[in-house]
Every structure is written in structure tokens, then in C-alpha cells.
Amino acid sequence: MDGISFRPSAWKNNSYPGHKDIFVFLKQVKVYFWSLWYLKPSQVLWRLVRTFKGLAWNIVLPVHGRPVRIEDLPRAEAREDFPDLDSCLRNEPIDLKASRFSFLNDSRLILRDSSAARAELSRAPLLWQYHFHYHDYLVPLLKSRDRQEAETALEFIAWWREAFPLDKKGSRKAAWHPYVISKRIEAWIRAYVLLRKAGISPVDQRMRTMLGDLVLHGRELHANLERGTLANHLFQNIKALMLIGLFLHGKESRRWLATAEPLLSREIREQILEDGCHFEMSPMYHVALLHDVLDILETVASLRVTIDKNVRRTAEKMTAFLERILHPDGEIPFLNDSTKPFFIDTRCVLARGRAMLNEPSMSVAAGNEGASGYMVHRSSDLFLVFDAGQGAPDYQPGHLHADALSFEMSWKGKRWISDTGVYHYMECPERRYSRSTAAHSTVEIDGENQSEVWKSFRVGRRARIVSRSFRKVGAADVFQAVHDGYTRLEKGLLHERCVVILPGRFVVVADWIHGKEEHEITSRFHFHPGIELERDGDGFIAQSEGLRQRILYSEMTSRPIVEVTSYFPEFGKKIDRKTLRYSERVSLPVRRFTLFLFDGDAPGIDLDQDGKFLHISATNDQLDIALDSIITP
């Protein structure tokens, strides 16, 4: 056949024309298959229904669509005793009068001409559009109870309803997405209460129009609950239905409340793990969900409405978990899709939870006693959180990163080892990097991610935690876990990590790579911006603002290097940082360790050649630890 070989060996050795395209295609098919495999049947059905409804809407709208006139709005009455909920919401600079808005560290001028506004928004990232349509930024502005601010807010809402009506082609994708509707329902309810406190009469036509529009919001949301997306999106839908059901009088509002209450009980049980962590394993979303639960509790308490008692118990667990996982600076670790929340104040949420729930005790101990698998060490000068969790629910892994067995560390109140954070949710190089194994302080094999993260929120095959354990050995904490993310490359290719913490003295990070054959093994430690690294004999010195820490490592075939990588402390913000990278091509199994030495002499560390145990001895500290590998080679 013209000298073309069809032997498998020819394909393997790259001698078949076009073989790369074929293999890439087959790999993509696999990724698509596994991404769909984990979905619930109800999710697939819901997405098909949403797709056909969207097509039908686009066909019907040009023929039958017409603006909803104010005089056609349903009449609605609000409860005048609805509470002014405590708010931990915050926003970037917003100037309603000048129509200048800033979200995700991206400032834009939105002209008041409706067509110009829609055109400008269409050029913004979808998440930016969502935040513009949430209207939660009205709440901090109205907290002043200034009459002029109230008038400005009312004018903005009136303009918005004319510029982005439900039946305007192009509005539905962002302005009337169910999640966005949910956020806006809450924002308008809060705004209505604050407008009343600012002296705006409930018989003001603009206020009555708001209530009529809220009914349309409730109807649209109730008909389009996000049963396909589930997770935090569905929870936001439920919260909005709860609030509007309690806020408005009437048969429809009672029906919305009747839908929301059983869903709330179900999703509380589904989404909140036994240790209080939200099941998407993102501290950023955990803070937001806790704020939502506290809002619901405050509302029902104020209105003397009875709901499932488990909601309060859940809030207590969530508050305790948040308190446990915070760095000494009072902010969250950047695990999975997490960065500094720009829309909500973490400290405020924690303080609110403590106050509302009578300062719940730390019901979850350090270590891995909770279902999340986030193991935490906290002592007078050291904080370390080790990620030995499963990552996310199988059917909704959108906020999962390929970060198994990574960790964050603060020393003497300063962040020292940090995850990468989140730059954006849109598909871009920064998004791909932030989700990759390379962006986390863990081990990468053959340049592949542990979990097949792709696009902005998709995941194919994902790493599983095979085993994990926590133990106390004298004064030391020992965290140990194994994941199987690389078994898709080779059967039995497992990464095991053991973290030994002796407060005030050192942290040892030991890695066993179990398997056979030859592989490229890369280990990275990402340091917080501002921490400098310099060589010091056979190791390194990490230093910042008078703090110095020695870093030593086991013998390997090539020397570690320091490289500059990106850190995303907030959406839309990028900062350079130093990363210590070890990379070598070796035959497996292989064992390596890195020692972070805070004070005194280095302990004796021995990784036996058979890979069965790690031995650490520190005579002055009366420490002698012999740790077996979880996996038998």
C-alpha cells in the first residue's frame, strides 16, 4: 500500500501519516465519554429540555413577542414586616449615576441607551454580564438609607427593566438565566426593604412595578429550576424561592414556598458533608452557601416561620468548618475554584454565623475525621491544610481542580505555600493553568493532569483518593493519602504523600510514586508572592520580611530549579511568584522528600529503598517515627 504500514508498532512510533490527529481525536472522545458518564439521567433530560425550550423561544419570540407593559404586570403585595437582613455583601467601585461598573477587576461604562448597553454587555465575559444583572451591588449602596441614593437605584431598576425585558431576544442568556434571576430576586427584595427605610412609599408606582416584576421573576424561576446543573446553582434557586415566597402575599408565593421547602431539606442533606464542608470542595463557595443558609435562618426567625431543624444544625457545622479552615490572616485557602471573594466578606460571614448560632464550638477536630478529607494543622506559628478530599460530586465537578494531595501553609501569620487561585471562568490560558496539576503544590507525572480537566468547567476521568489517614505521633501530626489519578496512564501508577508536621521545628513532605516503567516526575511547591528563594549549598533559603526558612530535599537525578509562575489572588488579577520545581525522568517506584526547616538542626530522614516506610528521627525533640506506606509495592 505505497509503503504505508498499518502495524500498531508503526502507529506507536509515529510513522503513520496523520496518526497524531487520530490519537488526539480518540483521546477527546474518551474525555467526552467520561464527562457524560458521571451525569445523572435527570441532568441529561433537563439539559435537553432547556435546549428545546431555548430553540422554541427563539422561533416564537420574533412572531409573538412584545414588551410586558407596566399596566399588564400582575398586582402584588409585599409583607411590610420582612426583615432587613444582615448583609456581608461587598462590591467593587460602582457609580450608578455615571453608569460605570466594575466586576472581576474589569471596569466598563454601560451607556443608558438600551441598544448600546446590550452591545457593550455582549462584549464582556459572561461572568461579568451575570454580575451586572445580579443587582446585588444595589444593597451596599442603599444601606446608607440616603433618599438620593434611593432615587438613583429606582431609576436604574426602571431603566434596566426596559433595556433587558424577558421577551427581548438576547436577554435570556445572561439577564434571565435561572441563577441570575435567583440572585436578582434576592437583591430586589433586599432593595425594596431598604427603599422603604429610605422613605420611599409602597404606593409609589415604581415600587409597585418592582413587585409586579418580582412576580414575573418568581414565575420564570419556578418554571426553570436548575435541575440539570444542581449543586450551588440549585441551592441559589431554592433560596430565592424561599425568600420571594415569604416576601409576597398570595397563592403563587405560597406555591413557590411549598416547592422550595422540601428541596431545601433535601439539598442540605445532599450538599453539606458531615464535617460541614460544602460538597463542591471550594472554600469560596462554602462561604457563599453559608451566607445563604444564614439569610434563610434569619428570615424565618424574624417572621416566626418553622422550617426543618436540620437547617440550623447544618449552619452550625458549616460555621465550625469555616473557622477551622481559615488561614491566620482570616481568609480562605485557595483550594479548587477559590480566590479572595470580591463579592462577599469572609470575616463578616464567620462573625455572623458565630453571633446567630451562639458561637458554635469547634465540632470538627483537626485531621481527617470529616468527610471532606481536608486535613488541618493549626499551632501557635503554623497553619497547614492538606487536600486529601475526593474533589467534588461526580455529577457536578465544575469547580474541581487537578490538585489531589496539594497543600497550603502559613508560617508565623504569613502565607508561605499557596495554591494558584482563579483568574477567570471563561476559557483562556489562565483558566486552563489554574485548574492544572502544574498550578498546585503536588506531583505531576508525564506532564499530564491527575484529573482530565478541560474547557472551563468540564472533567473526564478524575483522581480518586484510594486511602487516607491522620494520626498523632508524640507532638507531631501525620497526614497520609494516596490517589489513583494516573492509573489511566499505567496500571498501578499511584501517588502517595505523607506530610509530617512537628510544630515550631519542621514539615516533611514525602512522596512515594508507585508503579513500573520510566516516567517524568515533576514536583512543585508554589510560594506566596513576596517570598524570595535562593540557593544555599544543597538546599534553598526561603525568606520574606525577616523570616527565614531552610528547604532541604532528598538526592535526585537532577537539581531543583526556581521559576516564576502566575498567582491569581482575585478574579482578573495576576501576580508573579516563585515556584520550586523538581523534575526528573526515572524508573519507578521512586521515593522523594522535601524538608521545610523552621528552627534547629535537620532531623534524620530515611526513605527505605523498598518503599515500605519513612523513618524520621529527631533526638532533641524525642521524636522517632517509622511510617509504613499505605500501598505495598
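Derivation of every value follows stated rules applied to the coordinates shown; laboratory data play no part. In this text the structure is predicted, and so the values were computed from the model without any measurement. Positions of Cβ are backbone-derived with ideal geometry, glycine not excepted, and every protein chain shown enters the neighbour counts.
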Could you tell me how many degrees, from 0 to 90 and to the nearest 10, lie between the Cα long axis of helix 178-197 and the main elongation axis, the longest principal axis, of the Cα atoms of the chain? 60
Quick check on packing: order 502-514, 152-164, 303-315 by the mean number of other C-beta atoms within 10 Å, highest mean leading. 502-514, 152-164, 303-315
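Is the shape of the range 488-611 best called rounded, prolate or oblate, per the rule: a/c under 1.5 gives rounded, else a/b larger than b/c gives prolate, else oblate, with a ≥ b ≥ c the square roots of the Cα gyration tensor eigenvalues? It would help to have the intermediate numbers written out before the result.
Values: a/c = 2.01, a/b = 1.30, b/c = 1.55.
It is oblate, given that a/c is not under 1.5 and a/b is not larger than b/c.
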Using a cut-off of 15 Å between beta-carbons, work out the net charge of the residues near residue 140 (Lys and Arg +1, Asp and Glu -1, residue 140 not included). -3
What number, rounded to the nearest 500 deg cm²/dmol, is the helix-based mean residue ellipticity at 222 nm of the chain, given -39500 (n - 2.57) per DSSP H run of at least four residues and division by all its residues? -11500 deg cm²/dmol
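Going by a ≥ b ≥ c, the root eigenvalues of the Cα gyration tensor, does the range 81-234 fall in the rounded group (a/c under 1.5), the prolate group (a/b larger than b/c) or the oblate group?
Values: a/c = 1.41, a/b = 1.15, b/c = 1.23.
It is rounded, given that a/c, with a ≥ b ≥ c, falls under 1.5.
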As I understand it, the value is the acute angle between the Cα axis of helix 19-37 and the longest principal axis of the Cα atoms of the chain; what does it come to in degrees, rounded to 10? 60
Rounded to the nearest 10 degrees, what's the angle between the helix 205-223 long axis and the longest principal axis of the chain, both from Cα atoms, 0 to 90? 50
Once amide H atoms are placed 1.01 Å from N in the peptide plane, what residues at a sequence separation of 5 or more from residue 473, or on another chain, have their amide H within under 5 Å of its amide H? 478
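Does the chain come out rounded, prolate or oblate by the C-alpha gyration tensor, with a ≥ b ≥ c the root eigenvalues, rounded set by a/c under 1.5 and, if not, prolate when a/b is larger than b/c and oblate if not? If you can, show how the numbers build up before the last one.
Values: a/c = 2.15, a/b = 1.59, b/c = 1.36.
Judged from the Cα gyration tensor, the chain comes out prolate (a/c at least 1.5, a/b above b/c).
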